[in-house]
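Working notes for the structure below.
The values are calculated or read from the model by the stated rules, or taken from the named source; none is laboratory data. Remember, it's a predicted structure, so these values are computed and weren't measured experimentally. Cβ placement follows ideal geometry from the backbone for every residue including glycine, while neighbour counts extend to all protein chains displayed. In case anyone asks, the SASA skips ligands and DNA or RNA and just uses the protein heavy atoms, side chains included. Shrake-Rupley method; radii C 1.70, N 1.55, O 1.52, S 1.80 Å.
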Amino acid sequence: LAVHADGRVFFTDPPHHRPPPEPVGRVLVLERDGTISTFADSFQYCNGIAFTPAGVVVEVEGRGLQAVHADGTRDWVIETLGDGGGDGFCYDVDGRAYVASTNEHGIRVVDPDGTVVDFLPIEGEGLTTNCCFGGPDLRTLYATDALPGDVVAFEGMPTPGLPLPSW
C-alpha cells in the first residue's frame, strides 16, 4: 500500500498466484471517509505500489513497473525488471525506484527513464520482498528478507529517500 499526500491509501489487489488468463488485478483506494473505490483495473498481476516524487501512481505489473495515471492511461517505466520481476518498492527524492527483486535477492535501482542503474545484493540465500527509506536523514534503505525473516539496512545511501506522508 501507499499513502497519497491527501491521505488516501492506495493498494493493489492482485489475483491469486498463477494469475488467470483474464486480467483481474485492481488498484483500490481507501478514501478519507472510509469507502473503497477502484482507481484502475484489468491488471494481469499487480503487486507493489508507490508514488513518484510528482505523485504519479506506479505499480509492479507482471515483471515490470507501470505508471497508472488518473485519466486511466498507463505507461511502462520498465517492462522487465529481471528474473522474477519485483515486489515492494520505494523512491528516492530524485525519482529513482528501489525495487525488491525477490528471486535475485536484493534491490534493483531504476532511473526515472527505466534504466537499471544499480543492484544492491543481499548476502546469502533469501527472498527480498520490500524496501523503504528511513533514519533521521532518510539515507538508510531498509529491505525485508522474507526468507529467512530478516531486515537488512543499507546505510549512507547517496540520495535520500522520498519522505512519505503519514496517515
Highest to lowest packing among 106-113, 37-44, scored as the average C-beta count within 10 Å: 106-113, 37-44
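Under a point-charge model restricted to the Cβ atoms of Lys and Arg (+1) and Asp and Glu (-1), what is the dipole moment magnitude of the range 20-167 relative to its Cα centre, in debye to the nearest 20? If you can, show how the numbers build up before the last one.
Values: 7 positive and 23 negative charges, 52 e Å.
In debye, rounded to 20, the range 20-167 gives about 240.
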What ³J(HN,Hα) values, in whole Hz, does the Karplus curve 6.51 cos²θ - 1.76 cosθ + 1.60 give for the range 96-101 when θ = phi - 60°, with x put for Gly and Pro? 7, 8, 10, 10, 5, 9
Evaluate the distance, in nm, between pseudo-label points positioned 7 Å from the Cα of S42 and of D83 along their respective Cα→Cβ axes. 3.4 nm
Sorted by chain and then number, the residues having a modelled amide H within less than 5 Å of the amide H of F39, at least 5 places away or on another chain, are V27, L28, V29
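Hey, any idea what % of the chain's accessible area is carbon plus sulfur with a 1.4 Å probe? Don't jump to the answer; show the numbers that get you there.
Values: 4480 of 8550 Å².
Using a 1.4 Å probe with all protein chains present, the chain comes out at 52 percent carbon and sulfur.
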The range 106-149 scanned against label point 7 Å out from S166 along Cα→C-beta; backbone N under 17 Å for 133-138
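Computed from the mean reciprocal separation of all distinct C-alpha pairs, what Kirkwood hydrodynamic radius does the range 1-147 have, in Å? Before the final figure, lay out each step's value.
On the way: mean 1/r = 0.0645 Å⁻¹.
Taking every pair of different Cα atoms in the range 1-147, averaging 1/r and inverting gives 15.5 Å.
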Could you tell me the center-to-center distance, by alpha carbons, between the range 57-89 and the range 145-167 in angstrom? 20 Å
Under the Karplus relation with 6.51, -1.76 and 1.60 and θ = phi - 60°, whole-Hz ³J(HN,Hα) for the range 20-25, x at Gly and Pro, equal x, x, 8, x, 10, x
Projected onto the charge dipole of the range 114-167 (unit charges on the beta-carbon of Lys, Arg, Asp and Glu, signs +1, +1, -1, -1), the Cα from C131, S166, V152 with the largest positive-side position is that of S166
Give me the net charge for the shell around V68: Cβ to Cβ below 12 angstrom, other residues only, Lys and Arg +1, Asp and Glu -1. -3
Report the FRET efficiency, 1/(1 + (r/R0)^6), for N103 and D6, where r is their Cβ-Cβ distance and R0 is 30 Å, rounded to 0.05. 0.25
